[in-house]
1. Can you tell me which of (1) among the aliphatic types (A, V, I, L, M); (2) touching a residue at least 60 places away in the same chain (Cβ under 8 Å); (3) under 25 Å from Asp27 (Cβ atoms); (4) within 11 Å of the ligand (Cβ to nearest atom) is the one Ala149 doesn't meet?
2. Among the numbered conditions (1) more than 11 Å from the ligand (Cβ to nearest atom); (2) more than 18 Å from Lys34 (Cα to Cα); (3) out of contact with any Gly (no Cβ under 9 Å at 6 or more places or on another chain), tell me where His100 comes up short.
3. Return yes when Gly139 is within 25 Å of Asp178 (Cα to Cα), at pLDDT 95 or above, assigned to a strand (DSSP E or B) and within 16 Å of the ligand (Cβ to nearest atom) and no when it is not.
4. Report those helices (runs of 4 or more DSSP H) wholly inside segment 1-79 carrying at least 2 residues which are more than 27 Å from the chain's Cα centre (by Cα).
5. Can Ala168 be described as under 31 Å from the mean Cα position of the chain (by Cα), of a type outside the set (D, E, K, R) and closer than 30 Å to Arg23 by Cβ?
6. Just one of the numbered conditions (1) in contact with a Gly (Cβ under 8 Å, 6 or more places away or on another chain); (2) not in a loop (DSSP other than H, G, I, E, B) is not true of Gly95; which one?
7. Please give the helices (runs of 4 or more DSSP H) falling wholly within segment 172-258 in which 1 or more residues are modelled with pLDDT under 95.
8. Residue pairs, Cβ under 9 Å, 6 or more apart or interchain, first in segment 224-239 and on the phi < 0 side of the Ramachandran plot, second of a type in the set (Val, Ile, Thr) and crowded, with 19+ Cβ neighbours inside 10 Å. List them.
Amino acid sequence: MRIDVITLFPDLFVPFQQQGVVRRAFDSGAVNLKLWQLRDFASGNYRRVDDRPFGGGPGMVMAAQPLTDALSAIRADRAEPQAMQAPVVLFSPQGETITHARVAAQAASSQGVILVCGRYEGIDQRFVDRFVDLQWSLGDFVLSGGEIAAIAWLDAVARLLPGVLGDADSHLQDSFNDTLDGLLDCPHYTRPEVWEGRAVPDALLSGNHAAIAAYRRQQSLRVSAHSRPDLVDEARRTQALTPADEAFLAEVARSSQT
Ligand code: SAH
């Protein structure tokens, strides 16, 4: 999948591509990441990409023209037929929050994207209106630039691609996955069996696969009911909860009242 990024800080992406499991996605070419330095598309001696905001106020605004020229260069380089053109995504606190569902949809698709990372007060609205297809947010807070949001999104997509995680199925057991009916993951433990007087739950030491699976399901229900009741509601709505799940949730609710 080809992904182009328009950014003033392409170097931020370099160490990310070289570390950890997601490195495999870039080394293997599963993700073909092309970084475009916006400043290369600015004119004039100072290669300015920003200017003061009309109407006054603090900060600077990224001008539409360099962004447009960068996008044209990317479109020419990708040489896609009009109907198959990759969408342009702007990272913005005003966008739709990035979710597992959106990340998984991207990982399952061969179509790439063109990512635009804002800086300063943001980018000229006329570029957004004319060229941006989607806006994605990392959450309800404001970053100084879109690069960290882009890297977070790239990491989440890359780890879902075949061959990136050591164990092919390991991401299926992670929070929000269909395998867990969209619930949160269960707690994990490793050696030693007793640490600072705290023992690992018996069920996990039993060697009984059915008992372990049942225990993990219950813990997944427990943490979800506690931290993300909306996920439990959604699982219920999609009829993913069994009578045993419901009985366990009722028990959890009773014990939390006492
Ligand atoms: N004035 C804007 C914020 C600009 S922050 C506002 O209040 O809405 C500068 C750039 O950082 C943005 O253009 C965007 O690309 C990026 N950014 C900031 N917060 C973000 C977030 N939560 N998610 C994704 N990108 C973000």
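The values are calculated or read from the model by the stated rules, or taken from the named source; none is laboratory data. Every value quoted in this text rests on a predicted model; they were computed, and no experiment measured them. All Cβ positions, glycine included, derive from the backbone under ideal geometry; neighbour counts span all protein chains shown.
1. Checking Ala149 against (1) among the aliphatic types (A, V, I, L, M); (2) touching a residue at least 60 places away in the same chain (Cβ under 8 Å); (3) under 25 Å from Asp27 (Cβ atoms); (4) within 11 Å of the ligand (Cβ to nearest atom), the one that fails is (2).
2. For His100, the exception is condition (3).
3. Here the answer is no, as Gly139 does not meet what is asked.
4. Result: 64-78.
5. Numbers: under 31 Å from the mean Cα position of the chain (by Cα): yes; of a type outside the set (D, E, K, R): yes; closer than 30 Å to Arg23 by Cβ: yes.
It is true that Ala168 is under 31 Å from the mean Cα position of the chain (by Cα), of a type outside the set (D, E, K, R) and closer than 30 Å to Arg23 by Cβ.
6. The failed condition is (1).
7. 243-257
8. Pairs found: Ser224/Val232; Ala225/Val232.
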